[in-house]
Amino acid sequence: GKSFILKGHTGVVCSATYSHDGQRILTASWDRTARVFNADGSGEPIALKGHELAVNFAAWSPDDKRIVTVSDDNTARIFKSDGPGEPSVLNGHTDRVNFAAWSHDGLRIVTVSADWTARVWASDGKSESSIIQGHKGAVLIAGWSANDQHIFTASEDGTAIIFEPDGLRDPIYLQGHQRAILGAAWSPNGKRMVT
């Protein structure tokens with residue numbers, strides 16, 4: 001098929017993802033915005049504004065109705081994906097926020113930060129987060145198991161940790177890498193991880 005250019009950002013674009021229905025594309029940029037484009041390139045993008053510094057990543061909610069963004073300004077924000085209204089601001093991290101992931105049921109969000117922690121938030125943005133600690137370096141990525149019973153986090157410290165969101169059981173530490181873990185994923189049945 002023919003390619004086309006999605007224009008609008010004025011800084012480095014650091015992530016781009018399709019909505020689950022394939023109709024829109026979400027981008028995040030160091031220009032302090034995220035943008036929602038029609039996947040066929042038609043029309044003008046919706047700019048999601050409010051962050052004070054670079055946006056490092058943006059993710060669709062499972063139903064595509066909301067978007068979470070994370071930023072060097074130490075916050076995450078939850079926007080309606082059609083643009084109107086003020087975002088919910090998730091305050092708590094003490095250094096840049098690198099990544100966010102929605103639970104599969106859409107009720108929770110995990111964010112990870114250069115402050116060495118992850119936080120689990122209610123996706124309505126109205127309650128306090130719970131803090132996940134254990135890494136000895138910036139946390140770079142996280143993900144929910146298919147049943148939302150476990151979260152992994154992976155870090156510059158070369159380890160991944162598997163947690164239960166409610167914190168009732170001790171975390172499992174996955175060690176062996178000599179350098180930062182830049183990517184990781186659950187297997188579809190949730191019994192294995194690749195880092």
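The values are calculated or read from the model by the stated rules, or taken from the named source; none is laboratory data. It should be emphasised that the depicted structure is a prediction, and the values quoted were computed from it without experimental measurement. All Cβ positions, glycine included, derive from the backbone under ideal geometry; neighbour counts span all protein chains shown. What goes into the accessible areas is simple: the full protein's heavy atoms, side chains included, and nothing from ligands, DNA or RNA. Shrake-Rupley method; radii C 1.70, N 1.55, O 1.52, S 1.80 Å.
Could you give the length gained by full extension between I131 and E86, i.e. 0.36 nm per residue of separation minus their alpha carbon distance, to one decimal place?
13.7 nm
Round to a whole angstrom and tell me the spacing of the C-alpha centers of the stretch 1-63 and the stretch 136-195.
First find each Cα centre; the distance between them is then 27 Å.
Could you size up the charge dipole of the chain around its Cα centre, putting +1 on the beta carbon of Lys and Arg and -1 on that of Asp and Glu, and report it in debye to the nearest 20?
380 debye
With a 10 Å radius around each residue's Cβ, average the other Cβ atoms per peptide and rank 88-97, 60-69, highest first. Don't jump to the answer; show the numbers that get you there.
Numbers: 88-97: 18.1, 60-69: 20.1.
Going by the mean number of other Cβ atoms within 10 Å, highest first, we get 60-69, 88-97.
Which aspartates and glutamates, on any chain, are close to K2 with Cα under 12 Å apart, when same-chain ones fewer than 8 places away are left out?
Within the straight-line limit of under 12 Å, K2 reaches these aspartates and glutamates: D40.
Quick check: at a probe of 1.4 Å, how many percent of the accessible area of the chain sits on carbon and sulfur atoms?
That share works out to 49 percent.
Compute the accessible area per residue over the stretch 1-127, keeping the other protein chains in place, probe 1.4 Å, unit Å². It would help to have the intermediate numbers written out before the result.
Values: 6250 Å² over 127 residues.
For the stretch 1-127, the solvent-accessible area averages 49 Å² per residue.
Under a cut-off of 20 Å between alpha-carbon atoms, report the lysines in cross-link reach of K65, not counting same-chain residues fewer than 8 places apart.
K49, K80, K126
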